[in-house]
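Working notes, beginning with the structure itself.
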């Protein structure tokens, strides 16, 4: 069946999902809602959709599912609203910044038997998925250590920092999900450090712009995460998995994959400038997975529980920084 979809939010990430929906076989973008009418009209017009309010999309008989790209503080309420009217829900991370609110939302989703998928797009990046497949195929043996590097080209404005939930809930949360995806075991302890090395204004707002996290599982597997809000050379996204038989790595990607060799040396083009271009294939693949789950009537992944577990690790990291100690995941 064709999954008829409503898009909530016509901002930067909404545009990425609108493009993915339009390119996905078996899906059609029917309607767009946004508090800014001009943004909604422009995005709807670009994809042959109509403009509606959120409540109109909830009531529409010709819409089967929604993709939520609105501000974080609206996510839980919207998930519940659309779960109650029987529409499948894809929601950008996080579900909420409060663990208790997330648990309450997921309880509602479970009670209603609703379909919910959380937007941890990096699981769907073809390079990162190839790493997971190499693990599954036994090429590196038993996973022992994972290293994740995720650094933004530059810091976001203070207005964003104030509503983001901070670096661990906003940025590192993707890496927490990727760590669980690659380790194959749940994390038992979290040790984190946070510093302000990039922008003093971020520190004044109570956040960090540079962070390092070490995760350990009950069996002793380790994952290190390196985050920074500044990478002068581009959007730095790398992972490496070391195992008992070898290692597998996904290196940085470039818009153009060439290398020029002259007497001056070897030169390659710059990295992607941010997530909108680096993860374009991942956004398309995750929407395709959402549509497939709906059509096959199977639970989608990443699930709401995956969203909760990543948030719990973020909370553990915050506690670790504040108390300068290793924090057990069961403490949160």
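Each value in this text was obtained by applying a stated rule to the coordinates, not by laboratory testing. Computed from a predicted structure; not experimentally measured.
Points worth noting:
- GNM top mover of 41, 263, 286 - the chain, alpha-carbon springs below 10 Å: 263
- Overall form of segment 76-127 per C-alpha gyration tensor (a/c, 1.5; a/b vs b/c): oblate
- Three-way shape call for segment 188-306 based on the alpha-carbon gyration tensor, with the a/c threshold at 1.5: rounded
- For the chain, the longest principal axis of the alpha carbon atoms and the long axis of helix 37-46 meet at an angle near 90°.
- Relative contact order %, segment 3-114, counting alpha carbon pairs below 8 Å whose residues are six or more apart: 25
- Length added when fully stretched, residue 195-residue 98, from 0.36 nm per residue minus Cα-Cα: 32.6 nm
- Share, in percent, of DSSP beta bridges within the chain that are antiparallel, nearest 5: 55
- Seen through its C-alpha gyration tensor, with square-root eigenvalues sorted a ≥ b ≥ c, segment 3-114 comes out prolate because a/c lies at 1.5 or above while a/b is bigger than b/c.
- Average Cα contact separation per residue, the chain, under 8 Å, 6 or more apart, as relative contact order %: 20
- Distance from the Cα centroid of segment 258-287 to that of segment 129-192 is 20 Å (rounded to whole angstrom).
- Within the chain, helix-based [θ] at 222 nm, where runs of 4 or more DSSP H residues each add -39,500 (n - 2.57), nearest 500: -12000 deg cm²/dmol
- Rounded tilt (10° steps) of 126-136 against the dominant C-alpha axis of the chain: 70
- Mean-square fluctuations from a GNM of the chain, with a 10 angstrom spring cutoff on Cα atoms, peak among 285, 44, 104 at 104.
- Residue among 262, 172, 74 with the largest mean-square fluctuation in a Gaussian network model of the chain, springs linking Cα atoms under 10 Å: 262
- C-alpha long axis of helix 99-112 to longest principal axis of the chain, angle in °: 50
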